[in-house]
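Asks: Below you'll find the structure I mean.
The values are calculated or read from the model by the stated rules, or taken from the named source; none is laboratory data. Because the structure is a prediction, the values reported are computed rather than measured. Positions of Cβ are backbone-derived with ideal geometry, glycine not excepted, and every protein chain shown enters the neighbour counts. Ligands, DNA and RNA are stripped out before the accessible areas are found, and what is left, the full protein with its side chains, is counted by its heavy atoms. Shrake-Rupley method; radii C 1.70, N 1.55, O 1.52, S 1.80 Å.
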Amino acid sequence: MNASRFVRISACVLVALCAGAAAAQDLPDVIILATGGTIAGAQPKEGDPGYKSGSLSVDSLIAAAPGMDKIARITGEQIASIGSQDMNDAVWFKLARRANELLAAPWVDGIVITHGTDTLEETAYFLDLVIKSDKPVVLVGSMRPATSTSPDGPLNLYNGVAVAADPMAKGLGVLVVSNDDLFAAREIQKTNTTDVQTFVSPNRGQLGEAYYGKAWYFWKPTTVHTTASEFSLDGLETLPRVDIVYAHENADGMMVEAAVAAGAKGIVLAGVGDGNATAAMVDALAAAAAKGIVVVRSTRVGSGIVRRNIELNDDKLGFVAALELNPQKARVLLRLALTKTSDAKKIQGYFDRY
Ligand code: DGL
């Protein structure tokens, strides 16, 4: 090779390397916090039925979703390795505190949290209420394990990273990306045991779409979340006990009394219809409310609004109406509300605004 050709090629390589480095420097920084779930699930042996969720590390999840390095500079951290049916206060506190710590760092642009789908809606809403940042926080899961013939996790993760890296996702509260759909934490609900298209937002609809890394946003949440939320974990190690009781034909007050005996500070009714229950169950709930336990009426129906004083006189019974929140979401808000007050009227105020 003659000298001038060598100089030309070297210059080209240098320009390309510098351009690559500059491009890499321009990428947003996204942290992936892994907690387990089916997205990290593996079959013990190929071809065996069943799988164990939370088996794979965050690094394996990142390696399985090629192309993410073109949209963000990614760092992975393992927070837990559990199936989300085992989600608990210890992991919630660790996750929320680490997320808040990272989001406060100027170099961090967004966070993705990998999570099992069973309780994903509860964790998403909990974080929506205790995250103190307007930077994007996006939860992703999957319905099929990583070792399945056609796993849905890698594309969910890819889209989750794209949304977490997107400045347009700022200020929308905690989001969830699943199967190309984008959801607000407060609105998302799991509706199918095994279907890839399991998540819906029955009352307000999905917030947008995330399709091969490009996001569309249809609307903005109007309820209080993240930076405007009054709730904080400062000084707390756990949250007050709140139990959910399920209404059904011929129900007596036994489950309510059991919750009271277990030390519940609040009880959420997964009521029939518009948050209703048998007279015996309502009597037991009224007795609990009279003792200072906060009773919130939600519904097992799956959609709609449980309003105050329609068929039951909440004013007289001392109850709180959950409005749009399903029982599991109402439980999250009630636990946080109980860190502030046990006054049912004030707690109704939280349900009105959050
Ligand atoms: N055990 C469930 C969980 O981790 C599996 C369901 C899933 O992740 O999709 O939530």
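Asks: Over all alpha-carbon pairs in the stretch 253-304, figure out the percentage whose distance exceeds 16 Å.
Replies: 34 percent
Asks: With only alpha-carbon atoms counted, please give the Rg and Dmax of the stretch 28-75, in Å.
Replies: 12.8, 40
Asks: If you don't mind, another one. Using alpha carbons only, what's the Rg to Rh ratio of the chain with Rh from Kirkwood?
Replies: Dividing the radius of gyration by the Kirkwood radius yields 1.07.
Asks: Now for a different question. Report the gain in length on full extension from residue 48 to residue 249: 0.36 nm times residue separation, minus Cα-Cα distance, nm rounded to one decimal.
Replies: 68.3 nm
Asks: Here's another thing I want to ask about it. Rounded if a/c is under 1.5, else prolate if a/b beats b/c, else oblate: with a ≥ b ≥ c from the C-alpha gyration tensor eigenvalues square-rooted, which is the stretch 185-252?
Replies: It comes out oblate by the Cα gyration axes.
Asks: How much net charge surrounds residue 78 when only other residues with a Cβ under 14 Å from its Cβ are counted (Lys, Arg +1; Asp, Glu -1)? Walk me through the numbers on the way to the answer.
Replies: Numbers: positive: 94, 98; negative: 59, 77.
Cβ neighbours under 14 Å give a net charge of 0.
Asks: Sorted from largest to smallest, which semi-axis lengths in Å does the alpha carbon gyration tensor of the stretch 196-354 give for its equivalent ellipsoid, taking the root of 5 times each eigenvalue?
Replies: After scaling each eigenvalue by five and taking roots: 29, 19, 14 Å.
Asks: For the stretch 214-265, what log10 I(q)/I(0) values come out of the Debye formula at q = 0.20, 0.25, 0.30 1/Å, with one point per alpha carbon and no solvent?
Replies: With no solvent term, the Cα-only Debye profile gives -0.84, -0.99, -1.17.
Asks: With r as the distance between the Cβ atoms of residue 85 and residue 279 and R0 = 35 Å, compute the FRET efficiency 1/(1 + (r/R0)^6) and round to 0.05.
Replies: Once the sixth-power term is evaluated, E becomes 0.55.
Asks: Remind me, what semi-axes does the stretch 23-171 give for its equivalent ellipsoid, largest first in whole Å, using sqrt of 5 times each Cα gyration tensor eigenvalue?
Replies: Listed largest to smallest, the semi-axes of the stretch 23-171 are 25, 19, 11 Å.
Asks: Using only alpha carbon pairs under 8 Å that are at least six residues apart, calculate the relative contact order of the chain and give it in whole percent. It would help to have the intermediate numbers written out before the result.
Replies: Working: 772 pairs, mean separation 44.2, N = 354.
Relative contact order, the chain: 12 percent.
Asks: Also: Computing the accessible area with a 1.4 Å probe over protein heavy atoms, can you report the carbon and sulfur percentage for the chain? Present the calculation step by step, with values, prior to reporting the outcome.
Replies: Values: 8680 of 15910 Å².
Carbon plus sulfur share of accessible area: 55 percent.
Asks: Against the longest alpha carbon principal axis of the chain, how many degrees, from 0 to 90 and to the nearest 10, is the axis of helix 279-290 turned?
Replies: In the chain, helix 279-290 runs at an angle near 80 degrees to the longest axis.
Asks: At q = 0.29 Å⁻¹, what log₁₀ I(q)/I(0) does the stretch 296-346 have when each alpha carbon counts as one equal point scatterer in the Debye sum?
Replies: -1.17
Asks: Pick out which of 248, 115, 225 has the largest mean-square fluctuation in a Gaussian network model of the chain, springs linking Cα atoms closer than 10 Å.
Replies: 248
Asks: Calculate the spin-label point distance for residue 149 paired with residue 203, positioning each point 7 Å from the Cα along the beta-carbon direction, and give it in nanometres.
Replies: Label at residue 203, label at residue 149, 4.0 nm between them.
Asks: Same structure, new question: Nearest 5 is fine: what % of DSSP beta bridges in the stretch 250-354 come out antiparallel, could you say? Let's see the in-between values first.
Replies: Details: 2 of 10 bridges.
Antiparallel bridges make up about 20 percent of those DSSP assigns within the stretch 250-354.
Asks: How far apart, in nm, are two points set 7 Å out from the Cα along the Cα-to-Cβ line at residue 228 and at residue 195?
Replies: Those two pseudo-labels are separated by 3.3 nm.
Asks: Report the gain in length on full extension from residue 63 to residue 316: 0.36 nm times residue separation, minus Cα-Cα distance, nm rounded to one decimal.
Replies: My answer for the length gained is 85.3 nm.
Asks: Excluding residue 265 itself, what net charge comes from residues whose Cβ is under 13 Å from its Cβ, given Lys and Arg +1 and Asp and Glu -1? Display every interim value, and only then the final one.
Replies: Details: positive: 241, 291, 331, 335, 340; negative: 243, 343.
Around residue 265, the charge tally is +3.
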